Amino acid sequence: MRLSRYFLPVLKENPAEAQIVSHRYMLRAGMIKQQAAGIYSWLPLGYRVLKRIEQIVHEEQARAGHIPLLMPTLQPADLWRESGRYDDYGQEMLRIKDRHDRDMLFGPTNEEMITDIFRAHVGSYKDLPMTLYHIQWKFRDEVRPRFGVMRGREFLMKDGYNFDLDKDAALHAYNRHMVSYLRTYERMGLTAIPMRAASGPIGGDNTHEFLVLASTGESEVFYDAAVTELKLGAREVDFDNRAEVASICEEFTTLYARTDETHDATLFDQIPEDRRKVGRGIEVGQIFYFGTKYSEAMGATVVTPEGTKVPVEMGSHGIGVSRLLGAIIEASHDDKGIIWPEGVTPFPVGIVNLKQGDASTDLACESLCKALAAKGLEALYDDREERAGAKFATMDLIGLPWRITVGPRGLANGVVELTSRRTGISEEMSAEAAVERVAQIYAAHR
Ligand code: 5CA
């Protein structure tokens with residue numbers, strides 16, 4: 001992509017309304033534009049990252065055996081009257097009337113709708129286990145939308161729902177979600193810690209939130225420092241193996257890690273003092289087991305192998321897809337801008353042409369783009385008639401992890417410069433070697 005033909009409305013000044021670094025950088029890097037309180041347009045650069053995050057979520061859901069579908073944003077109120085939540089949900093629910101005066105709402109979550117789909121089409125234990133999910137826009141009329149995409153009113157969520165015959169199977173689905181979420185967040189360059197949490201309007205008493213540590217997080221968290229060292233890494237997990245999945249969950253939830261809602265000072269004080277940490281965290285996901293709360297209220301039953309009808313066991317599991325952009329930036333930036341982890345970067349590599357209009361430098365940049373494209377890597381090529389300093393500042397702000405700088409002096413010696421955004425370290429090498437190096441780095445991430 002040539003920057004001269006792209007749409008990247010970078011801001012020079014710090015926007016006054018942005019109180020935290022991720023919001024500031026998302027506005028300055030031309031990723032989002034606010035359209036109303038807590039409602040954003042996703043400009044091309046932000047949209048690319050959003051799509052990358054969705055892609056990772058889909059890939060990891062597929063690995064766990066979960067099935068994607070798509071439910072609408074607008075829902076009939078009647079479904080929510082069946083569960084009793086139409087009145088319970090309160091002012092956070094955006095209520096709408098259609099032309100026939102029918103009560104509708106913009107979905108804040110989809111437990112009722114998925115239960116309706118299930119009861120219409122599934123009736124036997126033979127169809128279980130089944131987990132369905134979608135990635136869809138939600139609306140919650142938050143009193144205080146703030147921090148950009150972090151607490152929006154309209155936001156993108158992955159929400160998944162498991163249907164199982166009995167409690168053990170449903171708890172396995174809960175554990176499966178926990179493990180697949182760990183991997184999802186790790187691929188995004190994040191350490192997200194599962195913490196015992198409170199369930200709120202979703203219901204049930206078995207629930208964990210996933211928190212990314214950040215000083216600007218909205219939740220107060222209490223944890224054993226050792227929990228931040230845990231990694232799933234490249235482990236191959238057999239998601240059908242209940243014992244294996246349960247033992248990974250145990251590994252990640254045994255050390256103390258709780259939000260303020262479930263904090264227990266007596267337990268906390270038993271951690272060795274040098275490992276006792278109080279901090280703040282951003283909630284990037286939450287999983288719930290709630291059993292038959294919705295299936296009983298809405299008559300979603302299955303026939304057991306013995307021939308009796310029982311309400312299906314359920315849970316729901318969410319990832320804050322749009323919030324993740326903010327969380328990743330909070331976790332990965334410096335005073336010059338964003339530093340994207342390779343897994344989610346909008347472009348894998350940027351190319352800076354130091355002498356635009358110089359025939360051989362232009363040609364070298366163009367062949368670099370082609371060589372990278374041949375490896376499946378789309379470069380963002382800064383081909384503007386700008387000073388080098390301005391080009392570097394833009395690249396640093398938008399945070400592509402790798403930059404290749406091309407100038408006539410280097411080309412005379414047969415080299416370009418490859419720079420890591422994270423370390424700032426530059427190395428000279430041939431253009432071919434730079435392409436090879438970048439391709440190798442991304443092979444580990446895609
Ligand atoms: N139905 C369940 C699970 S699918 C549910 O709605 N869970 S939730 O309320 O915890 O939301 C899931 C995730 O969405 C949260 O962990 C958070 O990361 C994200 N989220 C919730 N509210 C907002 C908001 N106002 N703005 C941005 N992201 C949000």
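How would the stretch 75-223 be classified by its alpha-carbon gyration tensor: rounded, prolate or oblate, with rounded meaning a/c under 1.5 and the a/b versus b/c comparison settling the rest? Each step should come with its number before you reach the end.
Values: a/c = 2.02, a/b = 1.11, b/c = 1.82.
Since a/c reaches 1.5 but b/c is at least a/b, the shape of the stretch 75-223 is classed as oblate.
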With point charges of +1 on the Cβ of Lys and Arg and -1 on the Cβ of Asp and Glu, referenced to the Cα centre of the chain, which listed residue (Ser426, Gly318, Pro194) lies farthest in the positive direction of the dipole?
Ser426
Rounded to the nearest 10 Å², what accessible area does Tyr256 have for a 1.4 Å probe in the complete protein model?
20
With +1 on each Lys and Arg Cβ and -1 on each Asp and Glu Cβ, how big is the dipole of the stretch 7-338 about its Cα centre, in debye rounded to the nearest 20?
1300
Share of carbon and sulfur in the accessible heavy-atom surface of the chain [1.4 Å probe, %]
49
Taking the convex hull of Cα positions in the stretch 349-443, its mean projected area over all directions (nm²)
5.4
Mind checking which of Leu363, Leu128, Leu27 has the largest fluctuation in a GNM of the chain, springs on alpha carbons under 10 Å?
Leu363
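According to the square roots a ≥ b ≥ c of the eigenvalues of the Cα gyration tensor, what is the shape class of the stretch 1-55, taking rounded for a/c under 1.5, prolate for a/b larger than b/c otherwise, and oblate for the remainder? Before the final figure, lay out the partial values.
Working: a/c = 1.88, a/b = 1.25, b/c = 1.50.
Oblate.
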Report, in deg cm²/dmol and to the nearest 500, the calculated mean residue ellipticity at 222 nm for the chain, where each DSSP H run with n ≥ 4 adds -39500 (n - 2.57) and the sum is divided by the residue count.
-10000 deg cm²/dmol
Net charge near Asn110: determine it from the other residues with C-beta under 10 Å of the C-beta of Asn110, scoring Lys and Arg +1 and Asp and Glu -1.
-3
Residue by residue, what Karplus-based ³J(HN,Hα) values in Hz, rounded to whole numbers, does the stretch 381-393 have, using 6.51, -1.76 and 1.60 with θ = phi - 60° and x for Gly and Pro?
9, 7, 9, 6, 7, 9, 5, 4, x, 5, 5, 4, 4
Run the 1.4 Å probe and let me know the accessible area of Glu386, rounded to the nearest 10 Å².
90
Roughly how many Å is it from the Cα centre of the stretch 178-256 to that of the stretch 49-66, as a whole number?
17
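Could you order Lys126, Lys33, Lys391 by accessible surface area, starting with the largest, using a probe radius of 1.4 Å? Walk me through the numbers on the way to the answer.
Details: Lys126 155, Lys33 105, Lys391 0 Å².
Largest to smallest exposure gives the sequence Lys126, Lys33, Lys391.
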Can you grab the distance from the C-alpha centre of the stretch 129-144 to the C-alpha centre of the stretch 315-349, Å, no decimals?
19
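Could you tell me how many cubic angstrom of Cα convex hull volume the stretch 228-295 has per residue?
Details: hull volume 11.3 nm³, N = 68.
Considering the Cα atoms of the stretch 228-295, their hull volume per residue is 166 Å³.
How big is the dipole moment of the stretch 258-356 about its Cα centre under a simple scheme where the beta carbon of each Lys and Arg is +1, that of each Asp and Glu is -1, and everything else is neutral? Debye, nearest 20, please.
On the way: 10 positive and 14 negative charges, 78 e Å.
In debye, rounded to 20, the stretch 258-356 gives about 380.
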Rounded if a/c under 1.5, otherwise prolate or oblate - the stretch 134-219, Cα gyration tensor axes
prolate
Can you work out the Karplus-derived ³J(HN,Hα) for every residue in the stretch 26-41? Use 6.51 cos²θ - 1.76 cosθ + 1.60 with θ = phi - 60°, whole Hz, and x for glycine or proline.
5, 6, 5, 7, x, 8, 9, 9, 6, 10, 6, 3, x, 10, 10, 8
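How fast does the chain diffuse by Stokes-Einstein, in µm²/s, taking the Kirkwood radius from C-alpha pairs at 25 °C and 0.890 mPa s?
Values: Rh = 23.8 Å.
So the translational diffusion coefficient is about 103 µm²/s.
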Keeping all protein chains in place, calculate the accessible area per residue for the chain (probe 1.4 angstrom), answer in Å².
44
What accessible area, in Å² to the nearest ten, does a 1.4 Å probe give for Thr304?
10
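Which whole-number percentage describes the relative contact order of the stretch 165-314, with Cα contacts under 8 Å and a sequence gap of 6 or more?
On the way: 256 pairs, mean separation 51.1, N = 150.
Computed over the stretch 165-314, the figure is 34 percent.
The values are calculated or read from the model by the stated rules, or taken from the named source; none is laboratory data. Everything quoted here is computed from the prediction, not taken from an experiment. Note: ideal-geometry Cβ built from the backbone for every residue, glycine included; neighbour counts use all protein chains shown. To get the accessible areas, we keep the full protein, side chains included, count just its heavy atoms, and leave off ligands, DNA and RNA. Shrake-Rupley method; radii C 1.70, N 1.55, O 1.52, S 1.80 Å.
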